[in-house]
Amino acid sequence: MRIFDGLDISGSGLSAQRRRLNAIASNLANVDTTRTDHGGPYQRRRVVMLESTQRAGFSTILGQEDNRLRRTLPQHRPGAGPRPGEIPPGSGVMTQEVREEPVKPRMVYDPNHPDAREDGMVLYPDINVITEMVDMIATSRAYEANVTAMGAAKDMINRSLDI
């Protein structure tokens with residue numbers, strides 16, 4: 001495992017949790033939206049997360065290795081593969097998509113609403129505010145855990161420089 005892999009993994013987690021929190025905020029903001037550009041009520045959004053196996057670290061950004069690394073042992077070079085018990089390089093999380101959940105809308109009788117049908121029923125999104133709040137708490141806890149892991153990785157890097 002390389003020295004910045006912990007930061008890369010936690011950074012991918014922070015990004016994924018931020019995207020998830022944005023989807024939850026959108027769901028809460030549109031809990032009473034009865035009309036969208038697509039027609040019909042707002043559809044609940046959910047973020048799909050996958051394990052990332054792509055390296056997103058500094059060596060990928062630079063696209064090259066330092067010449068000094070070519071003279072070291074193969075297992076010490078970037079991309080040499082994990083040792084037994086180590087996390088594979090580039091592990092982390094990525095968000096595949098923000099998917100709209102195909103759920104039937106809830107119907108509420110309100111004949112005075114501008115979007116009411118002829119029978120007085122209005123189609124509202126089937127979004128449970130309590131579920132969204134619980135998801136928001138879990139997302140913020142996961143974000144905090146990634147910040148803590150990133151801080152621990154930073155402390156380890158700083159202590160290794162003191163040696």
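Taken over region 26-53, the residue count meeting the criterion of being more than 30 Å from residue 120 (Cβ to Cβ) and surrounded by 13 or more Cβ atoms within 10 Å (Cβ to Cβ) is 4.
Determine whether region 40-52 contains at least one residue that is at pLDDT 85 or above and among the small types (Gly, Ala, Ser). Yes: region 40-52 contains one or more residues that are at pLDDT 85 or above and among the small types (Gly, Ala, Ser).
So which residues in region 118-147 are out of contact with any strand residue (DSSP E or B) (no Cβ under 8 Å at 6 or more places or on another chain), surrounded by 11 or more Cβ atoms within 10 Å (Cβ to Cβ) and either hydroxyl-bearing (Ser, Thr, Tyr) or not in a helix (DSSP H, G or I) (or both), if there are any at all? If the condition is that a residue be out of contact with any strand residue (DSSP E or B) (no Cβ under 8 Å at 6 or more places or on another chain), surrounded by 11 or more Cβ atoms within 10 Å (Cβ to Cβ) and either hydroxyl-bearing (Ser, Thr, Tyr) or not in a helix (DSSP H, G or I) (or both), then 127, 128, 131, 139, 140, 143 are the ones that fit. Is there a residue being of a type in the set (D, E, K, R), within 25 Å of residue 18 (Cβ to Cβ) and modelled with pLDDT of 80 or more anywhere in region 102-117? Looking through region 102-117, none of the residues is of a type in the set (D, E, K, R), within 25 Å of residue 18 (Cβ to Cβ) and modelled with pLDDT of 80 or more. Just a yes or no: is a residue in region 78-97 of a type in the set (A, V, I, L, M), more than 18 Å from residue 30 (Cβ to Cβ), modelled with pLDDT of 90 or more and assigned to a strand (DSSP E or B)? The answer is no, given that none of the residues of region 78-97 is of a type in the set (A, V, I, L, M), more than 18 Å from residue 30 (Cβ to Cβ), modelled with pLDDT of 90 or more and assigned to a strand (DSSP E or B). Checking each residue in region 1-29 for being at pLDDT below 85 and in contact with a Phe, Trp or Tyr (Cβ under 7 Å, 6 or more places away or on another chain) picks out only 4.
The values are calculated or read from the model by the stated rules, or taken from the named source; none is laboratory data. Since this is a predicted model, take the numbers as computed values, not measurements. No Cβ is skipped: glycine too gets one built from the backbone with ideal geometry, and neighbour counts run over all protein chains shown.
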